[in-house]
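Heads up, the thing below is written out as structure tokens.
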Amino acid sequence: MRDGEQTPGVSLPPEKKLAIASHLSDIGVHVIEVGSAAASVGERESIRLISQAGLSAECCTYVRAVRQDIDFAAEFGADSVHLVVPVSDLHIEKKLRKTRAEVCTMAWNAVEYAKERGLIVELSGEDASRADQVFLQDIFREGVERGADRLCFCDTVGLLTPERAVEIIPPLAFAPLSIHCHDDLGFALANTVAALKAGASCAHVTVNGLGERAGNTALEELVMALHVLYGVDTGIETESLYSLSALVSRLTGVPLATNKPIVGEMAFTHESGIHAHGIMRDTSTYEPIRPELVGRKRRIVLGKHSGSAAVEAALQEMGYHPVGDQLGEILARIKQLGDMGKRITDADIMAIADAVIGLEFAPAISLRQFTIVSGSNTVPTASVTLLVHGAEITDASTGAGPVDAAIRALQKSVADVGDVRLEEYHVDAITGGTDALVDVTVKLSKDGKIITSRGARADIIMASVEAVIAGMNRLLREEHEDRSENTD
Ligand code: MN
């Protein structure tokens, strides 16, 4: 959680860190680097919270070779410290402006001090892959003599290769050794596996491969690679990997690439008509790992070649029962997305079905025409023509942005029917990309009655207009039904 949180833009408050730490501990992670004790008050609070939570995992914190950092680690209850010292000449001279001898003294004194404070010590060489390996062995060997319990080799900028790992790891493995890799060249997983094979016994990883720049070795990838390819049981509960990944993605706000191994949206998805046939006969034809093994499900998605039977079957499976023209309209929208080169996911289908099935057959309000003007020297202006109870009404409005202008124009055109207010507006892009399906949810109110409705289109403004018109129709229909109830 320390290096993972160093992802640009990510910052987790203590309670979110506790949620992630509990999940990590529950699935069998052995050591959790909770944060950096010196970084902030919030970080120290996180260390206290997590160290007191009774987790079975060891609670570790990042420290520099500085007494204050080590004091914080001890005072806030950490079990261990990840004590990091730069070991390449580049880092020693350019970053620290010190000599090798000074760095050695700092490191060894810090090890002794941390042991005095009762901490487990993992002495870690920063930028170790660019260090003089003889110097690295010396600083590590003396570090162990002064009391370090473990060592760590950091490939801080991702320049290691598996071949080099095989050469330089064995001379360092005289004490329990961790390997810490970055993915700048996409080698993090391969380097980690090579180092483990060469004598390292512990791997530093992050969930979803989060971390500075291109990130670190991904927990889920390493666990599954060791399990599937090398027959090594890490003791991690693989069935919980996906829920962990989803939790971390949600709490950090960092979305996953759709094609990310193990946890990406497409990792166990097959497009109907391509390999789906083989998968149906024997899943191992195109599936290297059973999705259930990592807590996922296989998905067959629809595309532009899908027929109405396939769409109807998919809808039934998701609990939708379209009637009348609804199936035709859902199919048309799916094909429209498919023609734009998009793969249609379950979430897309559900959003489309919700929007289409929520539409009225004989709506009180329907859209005749809609225009939006927006740009750098133009006030966003929307004009709209609606059919309201059979009468054509045209109105226009400006707004803060095109969506605002569109919604204001709609509100003005139905002003005669009633005062429809927009209480809430929420938008989600369902899959990645600017041409993705957009799911708009609005909360509308009229005379104290509140309803929620949705619109789903690739065009955000049309999705908003659709959501508002669907909502207005429901408000009017329910009003009508209320009235007939009252006269009974
Ligand atoms: Mn790192």
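The values are calculated or read from the model by the stated rules, or taken from the named source; none is laboratory data. Model, not experiment: these values are computed from the prediction. Note: ideal-geometry Cβ built from the backbone for every residue, glycine included; neighbour counts use all protein chains shown. Heavy atoms of the whole protein, side chains included, go into the accessibility calculation; ligands, DNA and RNA do not. Shrake-Rupley method; radii C 1.70, N 1.55, O 1.52, S 1.80 Å.
Laid out as a table, the results:
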{"quantity": "Long-range amide H partners of Leu210 with built H, under 5 Å", "calculated": "Asn216"}
{"quantity": "Span from the segment 302-337 Cα centroid across to the segment 42-79 one, whole angstrom", "calculated": "54 Å"}
{"quantity": "Degrees between helix 188-197 axis and first principal axis of the chain (Cα, 0 to 90, nearest 10)", "calculated": "40 degrees"}
{"quantity": "Percent accessible area from carbon and sulfur atoms, the chain, protein chains only, probe 1.4 Å", "calculated": "51 percent"}
{"quantity": "MRE, 222 nm, helices only [DSSP H, n ≥ 4, -39500 (n - 2.57), over the chain, to nearest 500]", "calculated": "-12000 deg cm²/dmol"}
{"quantity": "Among 22-31, 151-160, the order from most to least packed when residues are scored by Cβ within 10 Å on average", "calculated": "151-160, 22-31"}
{"quantity": "Values of log10 I(q)/I(0), in the order q = 0.20, 0.27, 0.28 Å⁻¹, for segment 81-154 under a Debye, Cα-only, solvent-free model", "calculated": "-0.73, -1.26, -1.33"}
{"quantity": "Cα-only radius of gyration and Dmax that characterise the chain, units Å", "calculated": "29.1, 94"}
{"quantity": "Cross-link reach list, aspartates and glutamates versus Lys443, counting only Cα pairs under 17 Å and skipping chain neighbours closer than eight places", "calculated": "Asp354, Asp404, Asp419, Glu423, Glu424, Asp428, Glu466, Glu478, Glu479"}
{"quantity": "Accessible solvent surface per residue of the chain, calculated while the other protein chains remain in place, 1.4 angstrom probe, Å²", "calculated": "46 Å²"}
{"quantity": "Only Lys, Arg (+1) and Asp, Glu (-1) charged, at Cβ; segment 85-182 dipole about Cα centre in debye", "calculated": "220 debye"}
{"quantity": "Overall Cα dimensions of segment 71-195 - principal axes, largest extent first, Å", "calculated": "39, 29, 24"}
{"quantity": "Per-peptide average of other Cβ atoms within 10 Å, ordering 256-264, 468-476, 121-129 highest first", "calculated": "121-129, 468-476, 256-264"}
{"quantity": "For peptides 189-198, 368-377, sequence by mean Cβ density within 10 Å, most packed first", "calculated": "189-198, 368-377"}
{"quantity": "Directionally averaged projected area (convex hull, Cα atoms, segment 365-475), nm²", "calculated": "6.7 nm²"}
{"quantity": "Helix axis angle, 133-145 relative to the chain longest principal axis, alpha carbon, degrees", "calculated": "80 degrees"}
{"quantity": "Relative contact order of the chain, pairs being alpha-carbon contacts under 8 Å that are 6 or more residues apart, as %", "calculated": "8 percent"}
{"quantity": "Rounded to whole Hz, the Karplus (6.51, -1.76, 1.60) HN-Hα couplings of segment 8-17, x for glycine and proline", "calculated": "x, x, 9, 8, 10, x, x, 5, 6, 5"}
{"quantity": "Test item: Cα-centred dipole of the chain, Lys/Arg +1 and Asp/Glu -1 on Cβ, debye", "calculated": "640 debye"}
{"quantity": "Which of Val438, Leu327, Met340, positive extreme of dipole for the chain (C-beta unit charges)", "calculated": "Met340"}
{"quantity": "D_trans [Stokes-Einstein, Kirkwood Rh over alpha-carbon pairs] for segment 2-252, 4 °C, 1.567 mPa s, µm² s⁻¹", "calculated": "72 µm²/s"}
{"quantity": "Partner lysines for Lys197 [C-alpha distance under 26 Å; skip if fewer than 8 residues away on the same chain]", "calculated": "Lys260"}
{"quantity": "Segment 185-231: proportion of alpha-carbon pairs further apart than 13 angstrom, %", "calculated": "53 percent"}
{"quantity": "10 Å beta-carbon shell around Ala396, net charge (K/R +1, D/E -1)", "calculated": "+1"}
{"quantity": "Net charge dipole size for segment 2-252 [Lys, Arg +1 and Asp, Glu -1 on Cβ; Debye, nearest 20]", "calculated": "440 debye"}
{"quantity": "Around Phe187: net Lys/Arg minus Asp/Glu count, Cβ-Cβ under 11 Å", "calculated": "-3"}
{"quantity": "C-alpha long axis of helix 100-116 to longest principal axis of the chain, angle in °", "calculated": "80 degrees"}
{"quantity": "Estimated vicinal HN-Hα couplings, Hz - segment 225-230 in sequence order (Karplus 6.51, -1.76, 1.60; Gly, Pro = x)", "calculated": "5, 5, 5, 7, 8, 10"}
{"quantity": "For segment 12-97, alpha-carbon Rg over 2.2 N^0.38 Å", "calculated": "1.17"}
